[in-house]
Amino acid sequence: MTDTYPPISDQLDDLESAQEEGRRKMEWAAQHMPILEVVREEFVDDQPFEGERIAMAMHVEAKTAILVETLADGGAEVAVTGCNPLSTHDDVSAALDTHENITCYAKRGVDDEEYYAAIEAVIAHEPTITVDDGMDLVAAIHEDYPELIDGIVGGAEETTTGVHRLRAMDDDGALEYPVFAVNDTPMKRLFDNVHGTGESSLASIAMTTNLSWAGKNVVVAGFGYCGKGVARKATGQNANVIVTEVEPRRALEAHMEGYDVMPMSEAAEVGDVFLTTTGNRDVIVEEHFERMQDGVLLANAGHFDIEIDLEALDGLAVDRYEARDGVEAYEMADGRRLNVIAEGRLVNLAAPVSLGHPVEVMDQSFGIQAVCVRELVESAEPRSANASGDEPRASDEYGPGVHDVPDDLDKEIAEIKLAAEGVEFDSLTDTQREYMGSWDHGT
Ligand code: RBV
């Protein structure tokens, strides 16, 4: 196992000013994260993670940094790296690395080799808990360091793509420790996936191109939670939204919401902006590029950069140049220019001006992450009871596999947020509760 990849502090030249700027960004985020504030106070008092080692691979920017600190302040030793080579903010990474319980390896713009070396450096801390956005840590541990699995209490996964991969792994009987599907909770996906992806993707594209949404034909590929958010927000910006889908009920839902629904081969001819949100591969391919108009914008909001076939686009291009910071123009033989934003990587985090989802929604998602980690530790064998490491530490309650987050945890986070917003709400009377639990009261 390599542990030679250095933390960010050993990689930056002007370290002090980076730390200062990173800290400033984190303070702004923290001011707007009331959920993590409450959870952090609880963790500081209770020290639930004393003796635990948490490995994290996430988008290392200011909001994520507040989650990392919250876990470290709860007594954990945390090692963290990025989950996308373009989403890291080096200044935030440097600021995090100053915390005595945190080692941060994330660096923006790393190549594949450095990206995986940083993941290995995190794993070299021999984690007892993993927190992933995209499942890279779970995959690396199962493939290359299976000897660590018995010492692992469990994991938590942030995103749709990661949960999808984990379920596929679980179906194959290959997932050997419990992982909470944080993405699938109402408090995550009804807000983060819908509002977060919608707002931050459109904002990033607008800021990167300086172009308007009004009057544009915006093609949204996929009408899942993310696609719905993008479609709704683009409509709010006066765009004409076209949806492409492969699932009949979602296609019908989009149609009934008032969007134009058509195959990508038709949408390709009329779209001005294309935004993929499917989580699948090869959504926009050669036959589509061939039909597109001059000047179109192509962007991806899915986790991986495989939704737009850039290799095929490169094959068609007679010339290629950086049209703006974060915009690569591919010129076709007939003179049309197709503009790819942020290398087809998730646009709300990977474009040069991108900041990720708004702070408030990440407070919710990361609130769930934090209580999931607490739940894993509370349910597990204490480290001392299993000092030899012969027995798995994961509890019987959460055996190996993907687990839904207990509803009570999701409600706990919703209640903290409502209290912070000063929103009061009703509760059931005893009679109502009894009625809802009965089946013998008909007309
Ligand atoms: N996401 N993180 C941010 N830290 O700014 N923005 C979005 C951030 C997460 C989001 O929860 C989504 O599920 C995942 O990134 C996709 O990689």
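The values are calculated or read from the model by the stated rules, or taken from the named source; none is laboratory data. Note that the coordinates shown come from a computational prediction; the quantities given were computed from them, not determined experimentally. When we count neighbours, we look across all protein chains shown, and the Cβ atoms used for this are built from the backbone with ideal geometry, even at glycine. Areas reflect the complete protein model, heavy atoms only, side chains present, ligands, DNA and RNA absent. Shrake-Rupley method; radii C 1.70, N 1.55, O 1.52, S 1.80 Å.
A few points about this structure:
- Three-way shape label, the chain, alpha-carbon gyration tensor, a/c 1.5: oblate
- Carbon plus sulfur fraction of accessible area for the stretch 1-118, probe 1.4 Å, in percent: 43 percent
- Gain in span if fully extended, ALA333 to ALA214, counting 0.36 nm per residue against the direct Cα distance: 39.9 nm
- Free of any GluC sites (Glu not before Pro) that DSSP assigns to a loop and that have at most 15 other C-beta atoms within 10 Å, the longest stretch within the chain is 101-256.
- Cubic angstrom per residue, convex hull over Cα atoms of the stretch 194-350: 91 Å³
- Net length gained if the chain between GLU269 and ASP325 were fully extended (0.36 nm per residue, minus Cα distance): 17.5 nm
- Nonlocal amide H pairs with LEU86, under 5 Å, H built at 1.01 Å: GLY109
- For the chain, the longest principal axis of the Cα atoms and the long axis of helix 15-31 meet at an angle of about 80 degrees.
- The fraction of accessible area contributed by carbon and sulfur in the stretch 202-335 is 45 percent, rounded to a whole number (1.4 Å probe; ligands and nucleic acids excluded).
- Degrees, to the nearest 10: 62-73 long Cα axis against longest axis of the chain: 10 degrees
- Amide H contacts under 5 Å for HIS403: VAL179, PHE180, ALA181, restricted to partners 5 or more places along the chain or on a different chain, H placed in the peptide plane at 1.01 Å from N.
- Using the 1.4 Å probe convention, the accessible area of the chain works out to 45 Å² per residue with neighbouring protein chains retained.
- In this structure, HIS441 and GLN31 have a Cβ-Cβ separation that, at R0 = 51 Å, corresponds to a calculated FRET efficiency of about 0.55.
- In the chain the longest region clear of chymotrypsin sites (Phe, Trp or Tyr not before Pro) that are loop-assigned by DSSP and have at most 16 other C-beta atoms within 10 Å covers 1-303.
- Size of charge dipole - the chain - debye, nearest 20, with Cβ of Lys, Arg +1 and Asp, Glu -1, no other charges: 1620 debye
- For the set ARG167, ARG336, solvent exposure ranked by accessible area (probe 1.4 Å, protein chains only) runs largest to smallest as ARG167, ARG336.
- Only lysine pairs 8 or more places apart, or on different chains, with alpha-carbon atoms under 19 angstrom apart are counted in the chain, and they number 11.
- Between helix 225-236 and the chain: long-axis angle, C-alpha atoms, 0 to 90°, nearest 10: 50 degrees
- Inter-part distance where the stretch 246-316 and the stretch 11-58 are each reduced to a Cα centre, Å: 37 Å
- Relative contact order, percent, the stretch 196-310 [alpha-carbon distance under 8 Å, six or more residues apart]: 25 percent
- Shape category assigned to the stretch 85-192 from the gyration tensor of Cα positions, a/c cut at 1.5: oblate
- Prolate/oblate/rounded label for the stretch 1-147 (Cα gyration tensor, a/c 1.5): oblate
- The modelled label-to-label distance for the pair GLU424/MET256, using points 7 Å beyond Cα in the direction of Cβ, is 3.7 nm.
- Look at the alpha carbon pairs under 8 Å that are at least 6 residues apart: their mean separation over the length of the chain gives a relative contact order of 16 percent.
- The distance linking the stretch 351-365 with the stretch 409-443 is 30 Å (Cα centroid to Cα centroid, whole angstrom).
- Inter-probe distance in nm under a simple model that places probes 7 Å from Cα toward Cβ, at ASP407 and GLU42: 1.9 nm
- Karplus (6.51, -1.76, 1.60) ³J(HN,Hα), θ = phi - 60°, over the stretch 341-355, in Hz, Gly and Pro reported as x: 9, 6, 6, x, 8, 3, 5, 6, 10, 9, 5, x, 9, 6, 10
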